[in-house]
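Here the structure comes first, spelled out in structure tokens, and everything after it is commentary.
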Amino acid sequence: MWAAETVGRARKRLAVRSRARTAWEELVTDRYAVWRSAPLWERTVLYESFGGRGVLDSPEALFRYLLTQPDMADLEHVWALSDPTAYPEVTTEFAEHPRVRFVATGSMGYFKALATAKYLVNNATWQPRFAKRDGQVYVNTWHGVPVKHMGVDMPDGGLESRNVTRNFLQADYLLSANPYMTDTMYRSAYRLQGVFAGAVIEEGAPRVDRLVQALADPEATRRRLREHGVDVGDRRVVLYAPTWRGESFGTPWVNAAQLLATVRELEASVDGEEVAVLLKVHQVIYDVVRERTGDSGHRGFLVPNSLPTSDVLATTDVLVTDYSSIFCDFGPTGRPVVHYVPDLEEYSSTRGLYVHHEELPGPVCSTTPDLLKLVDSALAGDFGFGSGACADDGDAGLHPAFVSPQDGGVCERVVDVVMRGRPEADYRVLRDFGTEKEKLLVYLGSMKSQGITTSALNLLRHLDYDRFDVTAFYPFSRGRDRWRNMQLVDPRVRVVPRIPVFAATRRRRRVETKNLMVNGLPDVFPPEHIDYWSTEWQRMFGQTRFDHLVDFSGYGCYAPFLYSVVDAHHKSIWLHNDMDADMRRETVGRHLEDRLGAVFSTYDKFDSLVSVSRELNRVNKLKLAAYARPEQFTYALNTMDTDRVLRMAGLLGADDPAERAGASGAPSRITVPTDNIAAAMSALLEHYTARDLIREARSRARLNRVQTSADTITFVSVGRLSPEKNHARLIKAFAKVHEKRPSTRLVILGGGDLEPHLQGLVLSLGLSDAVTLAGQVDNPYAIMREADCFVLSSDYEGQPMVILEARTLGLPIVTTSFSSVRDSVPEDAGVVVPLSVEGVAGGMRRFLAGKVPASRLDAEEYNRRAMEQFYAAIGARS
């Protein structure tokens, strides 16, 4: 009783906090939206570093430079800090300064500055609701040279980098240390080549100016360290500064015990009277490390997070690091670097590195004894910076990542370009991010497992990437099903997952939601519509423009509304079904009339309405004549990824790395012991997650409830359990067949709200031993392969991909005669039956009598024809 009451009270407290947090988020979003309409503060700069974790890095260098410039004496400087009271050193330093103030990130003052400051300077990202205004100047300095894999080069990089990509696309200027960083990070890892409309200033990293200044006055640097609680006296300094570990920046692995052990080993190996050992951790894990090490941050070895790295490096005699780009900034000192990489092989194979360990500017070791020997050697002066990369050749022997301007003039050159309006031709300013390819933007829809998602993924695999620069977007979700499908997007596609927020007031969001769901697009766009959706485009894509805008989903208004405010050479929307019939379909107790009616209102704003078969185009053209002109209607068949279907069915080798890793299907070349279930499970867990295996096992367990024998005939059907699929008709038809042929069974793959109803129907017909509702399965093809005949009982379809997949597997087809059926089932590929119980039963009996033909799909010819139709439908250049 006591435990239940305690849990109840805790839940209530959490609910209250959640409601309060939601209310606050709504309030600040409202205010941010209002302030975005206020006049810009033309001489105000807003700075943020590492999400508000201090006055640090390149933004700090630019800030201090601007304070010294007479021609910038009228600037107001606003710093965003996560908690200004947690950084007393810097807030005290500028407490009396009339042009410097601090705001807490996420506060009202923060959002007001974000909405109205003329200049925005960040070394990471602004939060998801940020949308740069016309007239604002956004400078992203970034915070390091890419040594580790970044962006799309990381595992799930396109998904994990969603806010970084969005920020880069909005930036007016991206700062780069050198050509290596420009090409490796901006052009390639974040896929900006082809879509970035701003400029890269390739004049070096402003933070290095601070290091050059600190080196000129080492006593001032040591004094500042003492002020921050790190008293090294006149001792030499060994700085241990590793990067963070973990699968994502948002969920880092805090290896505090390992860090502490390494520091203690280093301390024990040196003369403490002569050498101080310091630990500098990444900002993202600093607070947790400080707590776990028991160090207050104002004494001992842990360098405070508020202290700029440049000051620490200036007083460092030997730098011990790993893959952190901190060593790229250490070059001006000429002092030795030791790379301690105990997890080199694992890190290289998971996160990945651009720089081979032999190219690093210092010796590499993986064990503590070797580390201690190398540090001792470095302190003895046996080597300097670049000793791991042919130091005798000077800069020519260094990896390009480590060569950048170190003259102390980076801040001046950046300000010349950004604020003083000096000619860009006098500086290293790059605006060559265009492309000769046609730029294609595709909205993929919800990414739920369904036919539209399968068709979209197949399309992306068949596009000509020598001809098209392709960007795809969709609502971001960490839901297991959607995440799995997001991972299957072709790696050649630039992805911009949409974070679901709008930079608008609650009132405006309510109005636009009603328009999205019911009212649709007005004939004449009011200013509020243009402002709302132009802001959303800016938030998502900045100043990027595309040649072709495609809404492949076709069932919602988000993409049509977004496209309505942007010019493009051609706009097209897909019609995956008999849309009028779908509008009248009831789902979960309600009709889709309002929502699809809103979608129909957008049709006249598109150049092409693309059905997925010839017959379906005829149907939609007839039924939707009130919404669009006849010449807008066209069609393009959906493509097929037959190799993937066959591979997942176990009929081809698994040569796709994503599928070998268990992202979507079963590799067919795994050696699994058959005499020991524990050993078999261990072998499978090397390729799949435990959740994947449990889900597959549950699906198979459902199948195994039906007793089979050598003469069992299995009918299979695949599709969501929704009214238009009419599985009830299929089950009733099967009951008639099973009565005469007890050796038959029926397997239905797919989930949906009608499952309880259909289970009840199976029970009422006494078919529990013959019919299996297996639910949604990750790999339907392996089950389909084991069946004898595929059956579809739909009332209407667009172009059912599942029929093409069944034909790929060589299954005979029995299907109802929905209007577009012959686009998928020609005369020699199966039998088409009436839309009735007796019709479906008759088709199944014909199969049992050997009278249903089977014809494998000619995939190559089919896909060639489908892609020709697609390119014509989107208005591609011939």
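The values are calculated or read from the model by the stated rules, or taken from the named source; none is laboratory data. Here the structure is a predicted model, which is why all the values come from computation and not from measurement. With ideal geometry, Cβ positions are generated from the backbone for all residues, glycine too; neighbour counts draw on all protein chains shown. These accessible areas exclude ligands, DNA and RNA; they are computed on the full protein's heavy atoms, side chains included. Shrake-Rupley method; radii C 1.70, N 1.55, O 1.52, S 1.80 Å.
Among beta bridges identified by DSSP and lying wholly in the chain, the antiparallel ones come to about 10 percent. Surface composition of segment 766-878: carbon and sulfur make up 47 percent of the accessible area, probe 1.4 Å. Computed about the Cα centre, the dipole magnitude for segment 523-599 is approximately 200 debye when only Lys and Arg (+1) and Asp and Glu (-1) carry charge, each at its Cβ.
Judged by the mean number of other Cβ atoms found within 10 Å, the most tightly packed of the peptides 571-582, 778-789, 359-370 leads the ranking 571-582, 778-789, 359-370. Taken over the alpha carbons of segment 753-878 as equal point scatterers, the Debye sum produces base-10 log I(q)/I(0) values at 0.12, 0.22 Å⁻¹ of -0.55, -1.43. The angle between the Cα long axis of helix 368-379 and the longest principal axis of the Cα atoms of the chain comes to about 40 degrees, rounded to the nearest 10. Computed over the chain, relative contact order equals 9 percent, with contacts defined as Cα pairs under 8 Å that lie 6+ residues apart.
Once the Cα atoms are used to define both axes, helix 755-764 deviates from the longest principal axis of the chain by about 30 degrees.
How big is the convex hull of the Cα atoms of the chain, per residue, in Å³?
Values: hull volume 180.6 nm³, N = 878.
Looking at the chain, the number lands at 206 Å³ per residue.
Descending by average beta-carbon neighbour count within 10 Å, the peptides 53-61, 439-447, 855-863 line up as 53-61, 439-447, 855-863, the highest first.
Determine, from the Cβ-Cβ distance of Ala728 and Arg492 and an R0 of 45 Å, the FRET efficiency 1/(1 + (r/R0)^6), rounded to the nearest 0.05.
Details: r = 43 Å, r/R0 = 0.95.
Working from the Cβ atoms, E equals 0.60.
Applying 1/(1 + (r/R0)^6) with R0 = 51 Å to the Cβ-Cβ distance of Arg822 and Arg21, what FRET efficiency is obtained, to the nearest 0.05? E between Arg822 and Arg21, to the nearest 0.05, is 0.40. Placing +1 on each Lys and Arg Cβ and -1 on each Asp and Glu Cβ, with no other charges, gives segment 491-641 a dipole about its Cα centre of roughly 440 debye. Candidates Pro84, Val16, Phe330 compared by Cα position along the dipole of the chain: farthest toward the positive end lies Val16, with charges placed on Cβ. Remark: spin-label model distance Leu14-Ser682 equals 3.7 nm, labels positioned 7 Å along the Cα→Cβ axis. Note that segment 190-197 has calculated 3J(HN,Hα) couplings of 9, 6, 7, 4, x, 10, 6, 9 Hz, one per residue in order, obtained from phi through the Karplus relation 6.51 cos²θ - 1.76 cosθ + 1.60 (θ = phi - 60°); glycine and proline are x.
Please sort 8-18, 98-108, 759-769, 184-194 by packing, taking for each peptide the average over its residues of neighbouring beta carbons within 10 angstrom, highest first.
Values: 8-18: 10.0, 98-108: 16.4, 759-769: 14.3, 184-194: 21.7.
The packing order, highest mean first, is 184-194, 98-108, 759-769, 8-18.
The charge dipole of the chain, taken about its Cα centre with unit charges on the Cβ atoms of Lys, Arg (+1), Asp and Glu (-1) only, comes to about 4080 debye. To the nearest 0.05, how large is the calculated FRET efficiency for Ala268 and Asp234 if R₀ is 22 Å and r is the Cβ-Cβ distance? Working from the Cβ atoms, E equals 0.55. Its Cα gyration tensor gives segment 22-118 an equivalent ellipsoid. The semi-axes, each the square root of 5 times an eigenvalue, are 23, 17, 10 Å from largest down.
Within the accessible area of segment 52-211, the carbon and sulfur atoms contribute 52%, probe 1.4 Å, all protein chains present.
Surface analysis of the chain yields an accessible area of 41 Å² per residue, using protein heavy atoms and a 1.4 Å probe. Short to long, the 10 Å bins of the Cα pair-distance histogram for segment 703-821 hold 13, 50, 34, 3 percent of all pairs.
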